[in-house]
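Chemist: Starting off with a structure, shown below.
The values are calculated or read from the model by the stated rules, or taken from the named source; none is laboratory data. Because the structure is a prediction, the values reported are computed rather than measured. Cβ atoms come from the backbone with ideal geometry, glycine included; neighbour counts cover every protein chain shown. We work out accessible area using only protein heavy atoms, side chains counted, and drop any ligands, DNA or RNA first. Shrake-Rupley method; radii C 1.70, N 1.55, O 1.52, S 1.80 Å.
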Amino acid sequence: MAILTLGITAQVTNAIREAIVTGEYEPGQKLSETALSEHFQVSRTPIREALKQLEREGLVEIIPRVGTCVTKPTEQELRELFTLKEVLEGLAAGLFTEKGDLAEIEKVRQTVTDMEKALQTSDNKLYVEANSIFHETILEGANSSKLSYMLNLLLNQIPYNRYVFITIGDPVRREQSLKEHKAILNAIEKGDRMEAEKAMREHVRASGEELRRDIERKLKNS
C-alpha cells in the first residue's frame, strides 16, 4: 500500500509540476487541495505531499492560513535566475564541445538547419521545437548529471516555456537568435570550448533580456 501511495504521489507531483512549468497554472495562482484532489481523482494526502515537494523545488509557496500559490518570482529573483541560467548553459556548451560525439554534433547541426527553414517559412512552432532540441542535446551531450539536475531545477522556477513563443514571435529577435545559434554551432564544430561557452552565454543573456522584460511586464500588470 505504501508503494502504491508513493507511486500516486509521484504521478500527481509530476502532473502539477508540468502544469506549472508550461503555464497552465500561472504565477500567483492559488491551488486548492480540494480542487486538485477532484481533478486528479485522488485523496488529499498525495496532493498535500506533492505540494510539499513542489515547495522544496521552489515552484509553489505554502502560506499558513492562506493556502498554496504558484510561486510568483520577483524582479530580483528573475535577474538571479537568468544569471545562473547563463552560467550553467555556458558551462554545458563548453563541456559538450569537449565531450560531444559526432552523432550529437550532427543533431545540433540539424536543429540549426530546421531553425533556418522555420525562419524562411515563418513557422514559429518548428523554430521553438528545434530550439528546444538544440539546448537539450547540448545539455545531454555535456554528460553531467549534476549540471542537468541543477539547470532543470532552475528552469522549472521560471515560467520559461510560456514565453519562448512570445520572444520568437518577434521576427527581429528570431533572426538574431538564429545567428546566435549558428555562432554556438561554429564554435562547437571548431572544438573551441571557450568560444562555445562565450557564444552560449551571449545567446542566453540576449534571450533572457527579452524574456525577463516580458515576464516583468506581466508581473507588474497581474
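Chemist: What about Glu26, is it at pLDDT below 90 and either assigned to a helix (DSSP H, G or I) or open to solvent by 20 Å² or more (accessible area, probe 1.4 Å) (or both)?
Modeler: Working: at pLDDT below 90: yes; either assigned to a helix (DSSP H, G or I) or open to solvent by 20 Å² or more (accessible area, probe 1.4 Å) (or both): yes.
When the stated conditions are applied, Glu26 passes them.
Chemist: Give Met194, Met200 a once-over and let me know the one that is in a helix (DSSP H, G or I) and under 20 Å from the mean Cα position of the chain (by Cα). Can you show your working first?
Modeler: Working: Met194 fails: under 20 Å from the mean Cα position of the chain (by Cα).
Exactly one residue qualifies, and that residue is Met200.
Chemist: With the condition kept exactly as written, say whether any residue in the range 13-36 is within 30 Å of Lys190 (Cβ to Cβ) and over 23 Å from the mean Cα position of the chain (by Cα). Talk me through it step by step, then tell me what you get.
Modeler: Residues of the range 13-36 that are within 30 Å of Lys190 (Cβ to Cβ), as a first pass: none.
Within the range 13-36, none of the residues are within 30 Å of Lys190 (Cβ to Cβ) and over 23 Å from the mean Cα position of the chain (by Cα).
Chemist: Give Thr113, Thr121, Thr167, Thr83 a once-over and let me know the one that is within 17 Å of the chain's Cα centre (by Cα) and either surrounded by fewer than 18 Cβ atoms within 10 Å (Cβ to Cβ) or free of Cβ contacts under 8 Å to residues at least 12 places away in the same chain (or both). Write out each step before concluding.
Modeler: On the way: Thr113 fails: within 17 Å of the chain's Cα centre (by Cα); Thr121 fails: within 17 Å of the chain's Cα centre (by Cα); Thr167 fails: either surrounded by fewer than 18 Cβ atoms within 10 Å (Cβ to Cβ) or free of Cβ contacts under 8 Å to residues at least 12 places away in the same chain (or both).
Result: Thr83 is the single residue among Thr113, Thr121, Thr167, Thr83 that is within 17 Å of the chain's Cα centre (by Cα) and either surrounded by fewer than 18 Cβ atoms within 10 Å (Cβ to Cβ) or free of Cβ contacts under 8 Å to residues at least 12 places away in the same chain (or both).
Chemist: Still on this structure: Which of the following residues is closer than 20 Å to Asn152 by Cβ, in contact with a strand residue (DSSP E or B) (Cβ under 9 Å, 6 or more places away or on another chain), open to solvent by less than 50 Å² (accessible area, probe 1.4 Å) and without any contact (Cβ under 8 Å) to a residue 60 or more places away in the chain: Ile20, Ile16?
Modeler: Values: Ile20 fails: without any contact (Cβ under 8 Å) to a residue 60 or more places away in the chain.
After applying the criteria, what remains is Ile16.
Chemist: Considering the range 181-196 alone, what residues qualify as being in contact with a Ser or Thr (Cβ under 8 Å, 6 or more places away or on another chain) and either over 16 Å from Gly141 (Cβ atoms) or open to solvent by 10 Å² or more (accessible area, probe 1.4 Å) (or both)?
Modeler: Result: Gly191, Asp192, Arg193.
Chemist: Among the residues that make up the range 88-107, is at least one of them basic (Lys, Arg) and either open to solvent by less than 80 Å² (accessible area, probe 1.4 Å) or modelled with pLDDT of 95 or more (or both)?
Modeler: Residues of the range 88-107 basic (Lys, Arg): 99, 107.
Imposing the further condition that a residue be either open to solvent by less than 80 Å² (accessible area, probe 1.4 Å) or modelled with pLDDT of 95 or more (or both) reduces the set to 107.
Scanning the range 88-107, I find at least one residue that is basic (Lys, Arg) and either open to solvent by less than 80 Å² (accessible area, probe 1.4 Å) or modelled with pLDDT of 95 or more (or both), so the answer is yes.
Chemist: From the set of residues in the range 30-73 that are open to solvent by 70 Å² or more (accessible area, probe 1.4 Å) and either of a type in the set (Gly, Ala, Ser) or not in a helix (DSSP H, G or I) (or both), which is modelled with the lowest pLDDT? Give the steps one after another, and end with the answer.
Modeler: We begin by selecting, within the range 30-73, every residue open to solvent by 70 Å² or more (accessible area, probe 1.4 Å); these are 30, 38-39, 41, 44-45, 48-49, 52, 55-56, 61, 64-66, 72.
Narrowing further to those that are either of a type in the set (Gly, Ala, Ser) or not in a helix (DSSP H, G or I) (or both): 30, 41, 61, 64-66, 72.
Numbers: Lys30: 95, Gln41: 93, Glu61: 93, Pro64: 90, Arg65: 87, Val66: 89, Lys72: 81.
In this case the residue turns out to be Lys72.
Chemist: Within the range 61-80, can you find the residues that are within 17 Å of the chain's Cα centre (by Cα) and within 13 Å of Tyr25 (Cβ to Cβ)?
Modeler: Of all residues in the range 61-80, those within 17 Å of the chain's Cα centre (by Cα) come to 70-73, 77-80.
Val70, Thr71, Lys72 - these are the residues of the range 61-80 that are within 17 Å of the chain's Cα centre (by Cα) and within 13 Å of Tyr25 (Cβ to Cβ).
Chemist: Test Ser207 against the criterion of being under 27 Å from Thr74 (Cα atoms), modelled with pLDDT of 90 or more, open to solvent by less than 80 Å² (accessible area, probe 1.4 Å) and part of a helix (DSSP H, G or I), and give yes or no.
Modeler: Values: under 27 Å from Thr74 (Cα atoms): yes; modelled with pLDDT of 90 or more: no; open to solvent by less than 80 Å² (accessible area, probe 1.4 Å): yes; part of a helix (DSSP H, G or I): yes.
It is false that Ser207 is under 27 Å from Thr74 (Cα atoms), modelled with pLDDT of 90 or more, open to solvent by less than 80 Å² (accessible area, probe 1.4 Å) and part of a helix (DSSP H, G or I).
Chemist: Moving to a separate point now. Within the range 122-142, identify whether any single residue is out of contact with any strand residue (DSSP E or B) (no Cβ under 6 Å at 6 or more places or on another chain), at pLDDT 85 or above, hydroxyl-bearing (Ser, Thr, Tyr) and farther than 18 Å from Val204 by Cα, and answer yes or no. Walk me through it before giving the result.
Modeler: Keep residues of the range 122-142 that are out of contact with any strand residue (DSSP E or B) (no Cβ under 6 Å at 6 or more places or on another chain), which gives 122-142.
Filter again for at pLDDT 85 or above, leaving 122-123, 126-127, 129-142.
Then keep just the ones that are hydroxyl-bearing (Ser, Thr, Tyr); that gives 122, 127, 132, 137.
Now drop any that are not farther than 18 Å from Val204 by Cα, which leaves 122.
Scanning the range 122-142, I find at least one residue that is out of contact with any strand residue (DSSP E or B) (no Cβ under 6 Å at 6 or more places or on another chain), at pLDDT 85 or above, hydroxyl-bearing (Ser, Thr, Tyr) and farther than 18 Å from Val204 by Cα, so the answer is yes.
Chemist: List the residue pairs whose Cβ atoms are under 7 Å apart, where the first residue sits in the range 137-154 and is closer than 18 Å to Gly58 by Cα, the second is open to solvent by 90 Å² or more (accessible area, probe 1.4 Å), and the two are 6 or more positions apart or on different chains.
Modeler: Short answer, once both residue conditions are applied: Leu154/Leu84.
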